[in-house]
1. Take residue B:150 and tell me if it is more than 14 Å from chain A (Cβ to nearest Cβ) and in contact with a Lys or Arg (Cβ under 7 Å, 6 or more places away or on another chain).
2. Condition first: more than 15 Å from the chain's Cα centre (by Cα) and within 14 Å of chain A (Cβ to nearest Cβ). Now tell me which residues in segment B:163-197 satisfy that.
3. Being open to solvent by 10 Å² or more (accessible area, probe 1.4 Å) and at pLDDT 95 or above narrows it down to one residue among A:102, A:107, A:97; which is it?
4. Could you tell me how many of the residues in segment B:2-27 are of a type outside the set (A, V, I, L, M), in contact with a strand residue (DSSP E or B) (Cβ under 6 Å, 6 or more places away or on another chain) and either open to solvent by 20 Å² or more (accessible area, probe 1.4 Å) or modelled with pLDDT under 90 (or both)?
5. How many residues are away from chain B (no Cβ under 14 Å) and in contact with a strand residue (DSSP E or B) (Cβ under 8 Å, 6 or more places away or on another chain) if we restrict to segment A:198-214?
6. Could you tell me whether residue A:229 is open to solvent by less than 30 Å² (accessible area, probe 1.4 Å), in contact with a helix residue (DSSP H, G or I) (Cβ under 7 Å, 6 or more places away or on another chain), farther than 27 Å from residue B:187 by Cα and more than 11 Å from chain B (Cβ to nearest Cβ)?
7. Would you mind stating whether residue B:261 is touching a Pro at 6+ places or on another chain (Cβ under 8 Å), more than 14 Å from chain A (Cβ to nearest Cβ) and not β-branched (Val, Ile, Thr)?
Number of protein chains: 2
Amino acid sequence: MKLALVISVEETGFDAVAMRGGWVDAGRSAASLGYDGVELAVRDPARVDLDALAGLLRGTGLSVPAVGTGQAFLADGLSLSHPDEGLRARAIERVEAHIRFAARLGAAVILGLIRGRVAHDRQATEARLAASFDPLLRAAEREGVWLLIEPINRYETDLMTTVGETLEFIQDLGAQRLGLLADTFHMNIEEASIETSLRAAGPRLRHVHAADSNRHAPGWGHLDFAAVLATLRAMRYRGWLSAEILPRPDPLAAAQQTITHLRSLLNTTLIKEGMA
Amino acid sequence: MKLALVISVEETGFDAVAMRGGWVDAGRSAASLGYDGVELAVRDPARVDLDALAGLLRGTGLSVPAVGTGQAFLADGLSLSHPDEGLRARAIERVEAHIRFAARLGAAVILGLIRGRVAHDRQATEARLAASFDPLLRAAEREGVWLLIEPINRYETDLMTTVGETLEFIQDLGAQRLGLLADTFHMNIEEASIETSLRAAGPRLRHVHAADSNRHAPGWGHLDFAAVLATLRAMRYRGWLSAEILPRPDPLAAAQQTITHLRSLLNTTLIKEGMA
């Protein structure tokens, strides 16, 4: 499994992003620590310094497995389920820009907080959200980009908090390029069993966020990452492990702990499989 | 260990409380399921029907190990750290009423959400909170009541989210009748190791809220309650296990699952200890 580190390509209020500020330096640090890629948290692709990004990727050989959109919700209030039709249209436009941006990088687009929250009426909110997926799935198909819905814990949204609800939404839409992103921090709060829910996602699972139970680097909480990785291997998961962690005690220490811990577990489970 | 079920003595917006509405019936159900006590969530003791409560306790033999105060924050906006001095004074008065109410029941008073949240400046907020404890600890001493501070996860407060921070606050105040309430749902999010943090609380641990990782009834999430109970036994914990759970799929089923699961684990660890 390839490892990525989430970095934000601008200043952000979203604090689960490692190495804020100086994102080009953060990318270089990730590469020198041995990460294979960086997942980019992008508020608005129009504001990204594309030359700097191209330089970083060329200079380091890093891939970009996925592009996050949560900052468009947090900083600009854009929501794919918003009752204000103008605002919902702007959210769709923004995500379409993310899709075109991701296409150039060979990345998927993550739909997390940007799906919004239930406003007044759950059924109407869900209907608006489903309607927003029509143009987005067309754009994704056209650009050859996967859209990944991330179940997010109850405190951050009330739309799709569990893997089960998210799979249902995905199956209702029935689209090809629609997958699920499993985040171990959120799963620790919402899933009755993390491993059972990963298995339930099956081939729809296209990306994994690795963070420990307290959103610190893996190994600094109480999640059983050996069990998580063994489950992913048994599922023949071919996607990335992307660390979306709190930058504590400092960004570099957290990024170092993450890769050391996950690589060590990956090697151990590989050896066990070789012996079996 | 004795088992209690949290019930609210009035309609509430706080949804982690089993069996809302018809609290006398809820108390009777708890007793008939085999619970030893009920923890009462009380917005304002002045609004409690004392005759109905006395009747319930006399009729069922239930104890009241603790009285919760969170609804005074959620419904009335009272906070022990509020920058508005009038509001902070009203919060102190309200908790003093809780203390007198608890004294009549032989119960402790829980200080959870009512401590408030950081307003502008963390240091000033913490200073106001500490100042509010002066009159409260005097009242607690006078009435012979324990005050229990509950670490609460990051999404609900930013004042004392971990056992470690809470112990520090308790030790700084250095009071006799000040203890810690450990809630397994919050610990799952905040503690690097639930068992290590329980042990760290040591004799300051005076009450435990039992809820699974998803706040459902114990056994319906992924927490290792066998390990939690074994740790509590090894610490010679003499307090209560009080279930503060989501009433799902319905209040009765959740209360039944809780007592069945916890009693079975308590019996198993007792047998293991007997054999050791």
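1. Details: more than 14 Å from chain A (Cβ to nearest Cβ): yes; in contact with a Lys or Arg (Cβ under 7 Å, 6 or more places away or on another chain): no.
For residue B:150, the condition - more than 14 Å from chain A (Cβ to nearest Cβ) and in contact with a Lys or Arg (Cβ under 7 Å, 6 or more places away or on another chain) - is not met.
2. Answer for segment B:163-197, where residues must be more than 15 Å from the chain's Cα centre (by Cα) and within 14 Å of chain A (Cβ to nearest Cβ): B:164, B:165, B:188, B:189, B:190, B:191, B:192, B:193, B:194, B:195, B:196, B:197.
3. Values: A:102 fails: open to solvent by 10 Å² or more (accessible area, probe 1.4 Å); A:107 fails: open to solvent by 10 Å² or more (accessible area, probe 1.4 Å).
Within the list A:102, A:107, A:97, the selection yields A:97.
4. The first filter runs over segment B:2-27 and keeps only residues of a type outside the set (A, V, I, L, M), leaving B:2, B:8, B:10-15, B:20-23, B:25, B:27.
Filter again for in contact with a strand residue (DSSP E or B) (Cβ under 6 Å, 6 or more places away or on another chain), leaving B:2, B:8, B:20, B:23, B:27.
From what is left, the residues that are either open to solvent by 20 Å² or more (accessible area, probe 1.4 Å) or modelled with pLDDT under 90 (or both) are B:2, B:20, B:23.
Summing the residues that are of a type outside the set (A, V, I, L, M), in contact with a strand residue (DSSP E or B) (Cβ under 6 Å, 6 or more places away or on another chain) and either open to solvent by 20 Å² or more (accessible area, probe 1.4 Å) or modelled with pLDDT under 90 (or both) in segment B:2-27 gives 3.
5. 8
6. Spelling it out, it is not the case that residue A:229 is open to solvent by less than 30 Å² (accessible area, probe 1.4 Å), in contact with a helix residue (DSSP H, G or I) (Cβ under 7 Å, 6 or more places away or on another chain), farther than 27 Å from residue B:187 by Cα and more than 11 Å from chain B (Cβ to nearest Cβ).
7. Criteria not met by residue B:261.
Rundown of residues vs (1) crowded, with 19+ Cβ neighbours inside 10 Å; (2) in contact (Cβ under 8 Å) with a residue 40 or more places away in the chain, yes/no style:
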{"residue": "A:185", "(1), (2)": "yes, yes"}
{"residue": "A:200", "(1), (2)": "no, no"}
{"residue": "A:209", "(1), (2)": "yes, yes"}
{"residue": "A:220", "(1), (2)": "yes, no"}
{"residue": "A:241", "(1), (2)": "yes, yes"}
{"residue": "A:249", "(1), (2)": "no, no"}
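The values are calculated or read from the model by the stated rules, or taken from the named source; none is laboratory data. Keep in mind it's a predicted model, so treat the numbers as computed, not measured. Methodologically, a virtual Cβ is constructed for each residue, glycine included, from the backbone with ideal geometry; neighbour enumeration extends over all protein chains shown. Calculation scope for accessible area: heavy atoms of the full protein, side chains included, ligands and nucleic acids excluded. Shrake-Rupley method; radii C 1.70, N 1.55, O 1.52, S 1.80 Å.
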